[in-house]
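Values quoted throughout were computed directly from the atomic coordinates according to the rules given, and no laboratory measurement underlies them. Here the structure is a predicted model, which means the values were calculated and not measured. Every residue, glycine among them, receives a Cβ derived from its backbone with ideal geometry; neighbour counts consider all protein chains shown.
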């Protein structure tokens, strides 16, 4: 099975597990006169089977993804850097601000990395992420798991 298909299968299994967990939660307790329409024991067995399949699939995916872990880790760190840059204070210029007891004070702020530089850097990082993601997609489309 190609890695791309295995990833879709993993996501489907995760969805099924979540659905089963929710169904078990809502159907496990019922009023005696209003018996559940579901066999919760059977649903629970199905949940355990799907979790076992998911563990096996995730293990295989992890082993086969060794060729692209660098890309995966790099994308994670680049996304973190984008978040950091988006939160960086780039307020610059002269502002009148409230000052406790005296009313307002004029303050002049200077930044070392300005808003334009931040936006340029974010755009550059996003382009790098796209290249890395394309490499991951190509890898997933051409490699198989057993």
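Which of 26, 102, 59 ends up with the largest GNM mean-square fluctuation for the chain, with Cα atoms connected below 10 Å? Sorting by GNM fluctuation, first place goes to 102.
Quick one: Debye curve from the alpha-carbon atoms of the range 19-90 only, equal weights, vacuum; give me log10 I(q)/I(0) at q = 0.23 Å⁻¹ to two decimals. Listed by q, the Debye log ratios stand at -0.97.
The overall shape of the chain is oblate: from the C-alpha gyration tensor, with semi-axes ordered a ≥ b ≥ c, the ratio a/c is 1.5 or greater and a/b is no larger than b/c. Among 107, 98, the order by Cβ neighbours within 10 angstrom, fewest to most, reads 98, 107. Computed over the chain, the per-residue total of -39500 (n - 2.57) for DSSP H runs of n ≥ 4 gives a 222 nm mean residue ellipticity of -23500 deg cm²/dmol, rounded to 500.
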